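The values are calculated or read from the model by the stated rules, or taken from the named source; none is laboratory data. Model, not experiment: these values are computed from the prediction. Note: ideal-geometry Cβ built from the backbone for every residue, glycine included; neighbour counts use all protein chains shown. For accessibility, only protein heavy atoms count, side chains too; no ligands or nucleic acids. Shrake-Rupley method; radii C 1.70, N 1.55, O 1.52, S 1.80 Å.
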Amino acid sequence: MQQPLSTGHGAPLQNSSTAPECHQQVPSKAPLAPTAGLYDFTYYQNNYQASVHNIVRPSLCPTSLGTPQGPGQMHNALPLGPNLIAAGPRFDPVFVSTPPQVGYVPSGGHYPGQVHYNVPSQSTTQGIPPSSSYPGFSYHHPMPVFNTQYNAHLTSQTVHPVAAQPLVGVLSGHVKPLPETGQRPIQASFQPYPAGDAAASWQPLPRALMTTSTGPVINLPAVASSANSQTSTGPPLSMPHHINQSYQPDRAKVATFPAIGAPLARRPPSSVDPPVSSSASPAPATEAHHDSTSSATTAPAPSDPCPLKSTKPFGYAYPTLQPGYQNVASPSHSVNQPIGPGYSPGPQQFTQPFSSVNQLSSNMEGLNLRNKRRTEALRQVSLLQERDILPPVPNLIPQSNLSPELKKLNCSPDLFRCTLMNIPQTQALLNKAKLPLGLLLHPFRDLTHLPVITSSTIVRCRTCRTYINPFVSFLDQRRWKCNLCYRVNDVPEEFMYNPLTRSYGEPHKRPEVQTATVEFIASSDYMLRPPQPAVYLFVFDVSHNAVESGYLNICCQSLLENFDKLPGDSRTRIGFITFDSTIHFFNLQEGLSQPQMLIVSDIEDIFLPTPDSLMVNLHESKELIKDLLKVLPTMFTNTRETHSALGPALQAAFKLMSATGGRISVFQTQLPSIGVGCLLSREDPNQRSTTKGVQHLAPATDFYKKFALDCSGQQVAVDLFLLSGQYTDLASLACMSKYSAGSVFYYPSFHHIHNPAQVEKFQKDLKRYLIRKIGFEAVMRIRCTKGLSIHTFHGNFFVRSTDLLSLANINPDSGFTVQMSIDENLVDTSIVCFQAALLYTSSKGERRIRVHTLCLPVVNSVADVYAGADVQAITCLLATMAVDRSVSSSLSDARDALVNAVVDSLSAYRSTVSNLQRSVLVAPNSLRLFALYILALLKQQAFRTGTSTRLDERVFAMCEMKTQPLVHLMLTIHPNLYRIDNLSDEGSIIVGDKTIPQPPILQLSAEKLSKEGAFLMDCGSVMYLWIGKNCSNNFISEVLGFPNYASIPQNMTHLPELNTILSQRTNDFVSWLRDSRPFLSIIYVVNDDGPMKANFYQKLVEDRTESALSYYEFLLHIQQQISK
């Protein structure tokens, strides 16, 4: 029966606690999958309704920076294109046997040391077509090794088993509306195949016969069911200014900061009493599609048995279990979990009983270490008395209470990080701690070693579609229990083979179960259409202002230099559009003697003059493309055209790209002035320093958001490069990237002559942008253990359903943040797990799935919650929430909410854990930097007041807050300060053939500066080298190349490489810092007469300024609010 989508409300929600309705348990068979009659379609028209908002606002949403909790509210959904469809599966009762998908074979050289593995094959009956069976492959590194340097060569291990399985993804736990903001073994022979890019692979020979069942594969040009915002922002606007709304606030608003000049106690001298101490598309076969298809390759799982009144010991009825399945730690049984012979609700702990005194001693040492760490994390710190609270080394991530065995298997915090490393058992306990619960993800991060598995059997839970991972429980050799929904699943026959030992009967030793981060090569079941090629379209502003800036010459030169490095394959396509008051297309069809420029002056009704020759094959038209890039910078040298028709140019770009999908790169230098999407200046320069509300943080028009949603529906992402010295309304223009999963790059005051530092940064950033890894037509789903739920997402994406993010493009430099809540008590489990699955198409046309799984313990005391608090993750989560609050409500409300987050958490700690007198401002050691980080956040460009801040610069800082991964965002919020005039090899590290000094990190206060020294401040995207007036002439001459302080130029933006030991040490240290981030950090040499002096001192966040409190004054303010 046809069930069309409800107009305006997105896709119907499913209850994730139940299996999909169309799930068929038919052994070794697959339903017949004709394209006709299998799906019912509901077409959407390409028009726009009312202003687009987020889909659903629930009545209860524990967001932090949201608006008051109100009744559920629906908004109209935005249709995404004429051919978009909603598909409802309907199965034909006719079954056939289908051959499995042929495994993917990369090209390249043989992996060294491979040997042939031949086993006599046997055939199945029933006339099944020939196929392959057991996997044979090479596999070396069980865990990913993370690359600290960008653009490093990627190596991976590729694994090739058999059989295919569709992707079905349903969030485990309760699905909520999104807030606003067995066969017998078959033997086969194996033969090594070449694998490119340092990857190793094995391909089975097609000698064995096998019966598999595969789900239907339908090529559908549809993706989205609703037009949701890229951020679902929490409750309504009038709620009190609290970030941590998982609890009910007990006051409406914290008092504002005392006025500058009001009497405040000064910070005590360093000789005060010692501190008080005491003993956390068209969607190509998206997960959404496979949520409604049967899991074909996995053996059918039995229904969960009814709970029994009594539970037999683990291993009952399995007297001959192998060691890997014995002694599984089992928490108490949940009412909803199957119990009985052979069922265990706990996670698989791959441990043996204490077989020796040494092993028992080792476990006791681990327990003592955990207790010691807990005691240190809960050590009480008197914030007003203890001055030097900043650690001399980068802040370490708090340790969870997990066993050492599980810690070794866990996902790296560089990829997956939680604000609380110990998860509270109940929402009431979380409310009591008054700390936010959320996840920070960097899912596509560059990795030097990534386990890549080519397998036609991708084992997943039958109910919640969780990928098998290190934290599942193997009840015996044939069954495993999901660690998210607790369903018992059968182990597929193919999965019984262990490729590492080439033995049979050890599924718990498979690489998928030994690595928390793994990547699968997906079969055609994970596609709704053939994988798209890499398609790139460049849209250049060529108005007079753009030509004067000189950016076009840099762009064309960079494209020429990196032409052969663009990610792609033989199908890669490219095109170019330029615009001023008219739109210029370029015919680059193979066979022409030179490029042809076609001009369309009718910007009110844009059209494509020659649709088939504007996007061309990169390799077939290589010479024509290079000729165009050589002459393009000079074609508009004498232009006097000052208008900018950006909107019509974007419409033309969409017409070119909508058939295939891909990436649009837009370069803009001024405010769009004519055609659709034109904008007017909204900035008042006289209000840049206001302490009142900052206006115009929201877009002036919805044109760019609607355009982005159209692009997302056709798998097109838009990246914006803004190079301007004047106001260009970034708040409006950034929407084209926010809602299409693109990126925003901003270069203020860009000029090829007057601002060489920005030119260098633009050159290096553009090179990284052009050659970095890219994924197309991607979707990402985050699943969590039953009892937890996700209610808010932050980042650049389109929310297709309550837990499915549509990412037209995915790049390795983007981060995402989610907020979570505890819907059900977690008293029946000792751990919880989170899993992020990213399905994407690589630039080589491979469909891949990257899976990250994080495991954390559950605790029942508020002290343990505080002990596991990750202060950096908490700060970054609050920063993204504050951005949403600034746009939806006001900047002052966001600032008040940030202050309240500190007040509430420290107040809750004092009343629940601390045993000190009420007048002492104390924090657990784990949160000792919380107040400092929030003060730094309040003084950051995105949230500061009273300091002259351009509106575009403020908006760009907010964009960075939403998309930067944690490690880079923390440098933006709280920079690192080092003294570098006395660098030594003491404590240094060896990187390659270089010795890198490791100076201690200093507090951000002028008190730490010395006129005799030189200090480097690392702010992430920019660095400041401050030279004291009395700095040694030896350092100045050997490092900067000038004889003395007076001879240092005011606009020095680079460090020369001199043939001195001091120069080598300094440059090695600075280069090491720069190599840890994707884009270039400009370095400014600062002296007392230079233009960057004010910028440097503004970053000293512990000091008082004309419009902001010092750190000590801020602590007094916090103490005053707690005492109320």
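At-a-glance table
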quantity	calculated
Of residues in the stretch 993-1006 being open to solvent by 40 Å² or more (accessible area, probe 1.4 Å) and assigned to a loop (DSSP other than H, G, I, E, B), the one farthest from V1101 (Cα to Cα)	D993
Tabulated pairs, the stretch 971-993, first over 27 Å from C1031 (Cβ atoms), second not in a strand (DSSP E or B), C-beta under 6 angstrom, 6+ apart or interchain	T972/G1020; I973/A936; I973/L937; I973/Q940
Considering residues of the stretch 720-740 that are open to solvent by 10 Å² or more (accessible area, probe 1.4 Å) and within 24 Å of the chain's Cα centre (by Cα) only, the residue nearest to L1080 (Cα to Cα)	K738
In the stretch 952-992, residue nearest to Y746 (Cα to Cα) [restricted to those that are small (G, A, S) and open to solvent by 20 Å² or more (accessible area, probe 1.4 Å)]	G992
Within the stretch 723-821, helices (runs of 4 or more DSSP H) holding 3 or more residues that are under 30 Å from M527 (Cβ atoms)	735-738, 756-771
Total residues in the stretch 588-604, condition under 19 Å from V616 (Cβ atoms) and either in a loop (DSSP other than H, G, I, E, B) or among the hydroxyl-bearing types (S, T, Y) (or both)	8
Hey, K764 out of contact with any strand residue (DSSP E or B) (no Cβ under 7 Å at 6 or more places or on another chain), under 30 Å from E405 (Cβ atoms) and open to solvent by 20 Å² or more (accessible area, probe 1.4 Å) or not	no
Complete set of residues in the stretch 379-420 that are open to solvent by 30 Å² or more (accessible area, probe 1.4 Å), closer than 17 Å to L927 by Cα and within 30 Å of the chain's Cα centre (by Cα)	P392, V393, P394, N395, L396, I397, Q399
Total residues in the stretch 775-793, condition open to solvent by 10 Å² or more (accessible area, probe 1.4 Å) and modelled with pLDDT of 95 or more	0
Residues within the stretch 638-671 that are part of a loop (DSSP other than H, G, I, E, B), under 23 Å from N809 (Cβ atoms) and not β-branched (V, I, T), tallied	3
Enumerated strands (runs of 3 or more DSSP E) restricted to the stretch 370-452, each holding at least 3 residues that are over 27 Å from E1113 (Cα atoms)	416-418, 438-441
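Here is a yes/no grid of residues against (1) open to solvent by 20 Å² or more (accessible area, probe 1.4 Å); (2) at pLDDT 95 or above:
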{"position": "L891", "(1), (2)": "no, no"}
{"position": "D904", "(1), (2)": "no, yes"}
{"position": "T912", "(1), (2)": "yes, no"}
{"position": "R918", "(1), (2)": "yes, no"}
{"position": "F930", "(1), (2)": "no, yes"}
{"position": "I934", "(1), (2)": "no, yes"}
